[in-house]
Amino acid sequence: MSGASPIAFASAAPQSCGMTETVHEQPPPQTGFDPQRLRTVTHMERSRDDRMIAGVCGGLARYLNVDPVVVRVITAALTVVGGVGLVLYVAAWLLAPDQGAAHSIVGAHTRRADGDERRIRTVGFAIAGVLAIVAVASSGPWTGWSFPWPLAVIAVLLWLFLRPRDSTPVDTSATTAAADTPELTGTTETTREPAAPRPPRPRGDGSLTWLTIGFALIAAGALWLVDRAAGGVEWPDYVALELAVVGLGLLLGTWRGAGRRLIPIGGVLALVLLGSTQLPTLSAGEVRATPLSAADVSPRYELGVGSLLLDLTAIDDLAALDGRTISIEAGMAEIQVLVPDEIDVTVDAHVDLGDLNVFDREVAGWDSNLNWRDDDTDQPDLTLVIDHSLGEVKVMHP
Amino acid sequence: MNRHPADIVALVFALVFLGCAATWAGWEHGDLDVDAITWAIPLVLIVSGLVGVTMTLRRRA
């Protein structure tokens, strides 16, 4: 089944290669219907002569035979909707070959025969479609948004699986760089070897990668058990542990070889760990707190991603709030606090990037602070400490 | 173990990643404060870089 279409694809490629001069070239007239020439989106090519970024929109416009402006506008509009346009654009960038080129970026990366590359493209576009649907389903201005971690894990595993297994010496950057230099046979002595042809380093052997992933899974499971038994394990602990495992795997790979493909994994983990310092919790969604008495008021409210509303106007014993401090910490969110008129509040708000609005006094931008102090009256005093990474903070009277 | 010449790229990244994990652990669970972190991170980078440079130069020597 998949054996037939690559032939049609391969024979079509040189044709389109010769058409690069004209922008709006009509396809050659087709006589009759030939199922082998059935074109799917996997036949799309990225335009060379009509590109703003990577020629995806130009290529898709040619494939659909419409004006590129239409495709660009739709793509831009879809990018606003939960980043769908971006997901699809990047997918097409990676999966569609450059005009006239035989291989897409993913195809060149996996270096497989044409038939297999077509399958990779089909699978890749399917994954992109699922991601796009997830993005639409969970879209909205920050609310309820969460990164599709399971899909990301699957994507990483697929990427590892689709790597070539045979180690043909394509890794030229490494082999040529080391080719003219004599080797060290020990870590301390410099024993020179005659310039004998060195066997290529078996980078393609993925055993170290799988060894490391195996240990990473074991470590994650073990930490989970620790959390069950003793508690107190937070999600960044897992990330840090996996980063350490990947680091150790790379350390082993320094002398064992074949460790470099752990580098991107470690890079992603390090970035996530960095991000964890910005998100107080991994919780996402909508938090609405409407305490009815001072005893119900928590000293601390946190949220990772989403929106947080703290409504203090329903409290019936406001006098009991006197002298208390409420701290609110959020990552990427919209924070709203409703304060009754009958108390004096001191607000100490900070946002890394965003908008602070406290009783209609407003500060916006990077690393903003806003302090507010009500005139001291006989009313009960309440302190609000708000620490926010990204988004809007609003403190107001009802 | 020394069946291959040392892969310096892997070593440097190993040091960076381990340094990141250790720094994070010290900050989250240890008693490193912000001041110590701003020392620790550049030190991790400098040590990793120095190891890479030293090993590259020694290999060429």
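The values are calculated or read from the model by the stated rules, or taken from the named source; none is laboratory data. All values reported here derive from a predicted model rather than from experimental measurement. As a convention, Cβ positions derive from the backbone with ideal geometry for all residues, glycine included, and neighbour counts pool all protein chains shown. All accessible areas refer to the heavy atoms of the entire protein, side chains included, with ligands and DNA or RNA removed. Shrake-Rupley method; radii C 1.70, N 1.55, O 1.52, S 1.80 Å.
Please work out how much length the chain gains when fully extended from A:Thr377 to A:Thr290, using 0.36 nm per residue of separation minus the C-alpha to C-alpha distance, in nm with one decimal.
Additional length available on full extension: 28.8 nm.
For the residue pair A:Asp367 and A:Ala77, what label-to-label distance in nm results when each label sits 7 Å from Cα along the Cα-to-beta-carbon direction?
For the pair A:Asp367/A:Ala77, the computed spacing is 4.1 nm.
In peptide A:238-251, how many Cβ atoms from other protein chains are near each Cβ within 10 Å, on average?
Whole-number average of other-chain Cβ neighbours for A:238-251 is 5.
Carbon and sulfur: what percent of chain B's accessible surface (1.4 Å probe)?
Summing carbon and sulfur atoms, their accessible area is 72 percent of the total for chain B.
Express in whole angstrom the spacing between the alpha-carbon centres of chain B and region A:212-257.
The two parts, judged by their Cα centres, are 18 Å apart.
Please give the average number of partner chain Cβ atoms lying within 10 Å of the Cβ of each residue in A:255-261, rounded to a whole number.
Average neighbour count from other chains, rounded to a whole number: 5.
Multiplying the sequence separation of B:Val51 and B:His29 by 0.36 nm and subtracting their Cα-Cα distance, what value in nm do you get?
Value of the extension gain: 5.1 nm.
A:Val287's amide H: which non-local residues (gap 5+, or another chain) put their own amide H closer than 5 Å, with H modeled 1.01 Å from N in plane and none for Pro or chain starts?
Here the answer is A:Ser307, A:Leu308, A:Leu309, since their amide H atoms fall under 5 Å of that of A:Val287.
What's the total accessible area buried between chains A and B, using a 1.4 Å probe, rounded to the nearest 100 Å²?
2700 Å²
How large is ³J(HN,Hα), in whole Hz, for each residue of region A:353-359 in order, when computed from phi with the Karplus curve 6.51 cos²θ - 1.76 cosθ + 1.60 and θ = phi - 60°, using x for Gly and Pro?
Result, rounded to whole Hz: 8, x, 9, 10, 9, 10, 6.
List the residues whose amide H sits under 5 Å from the amide H of A:Gly259, counting only those 5 or more places along or on another chain, with H placed 1.01 Å from N in the peptide plane.
Distant-sequence amide H within range of A:Gly259: zero hits.
By average Cβ neighbour count within 10 Å, what is the ranking of A:355-362, A:116-123, B:35-42 from highest down?
The most tightly packed comes first, giving A:116-123, A:355-362, B:35-42.
Taking H placed 1.01 Å from N in the peptide plane, check which residues at least 5 places from A:Ser389 or on another chain put their amide H under 5 Å from its amide H.
A:Ala330, A:Gly331, A:Asp352
Applying 1/(1 + (r/R0)^6) with R0 = 41 Å to the Cβ-Cβ distance of A:Thr346 and A:Ala219, what FRET efficiency is obtained, to the nearest 0.05?
Between A:Thr346 and A:Ala219 the formula returns 0.35.
Ignore the peptide's own chain and count Cβ atoms of other chains within 10 Å of each Cβ in A:266-273; give me the average, rounded.
Mean number of neighbouring Cβ atoms from other chains: 3.
What are the ³J(HN,Hα) values, in whole Hz, obtained from phi via the Karplus relation 6.51 cos²θ - 1.76 cosθ + 1.60 with θ = phi - 60°, for each residue of region B:45-53 in sequence order, with x given for Gly and Pro?
Coupling constants for region B:45-53: 5, 5, 4, 4, x, 4, 4, x, 4 Hz.
Ranking request for peptides A:363-376, A:87-100: highest mean number of other beta-carbon atoms within 10 Å first, then the rest in descending order.
Sorting A:363-376, A:87-100 by mean packing, highest first, produces A:87-100, A:363-376.
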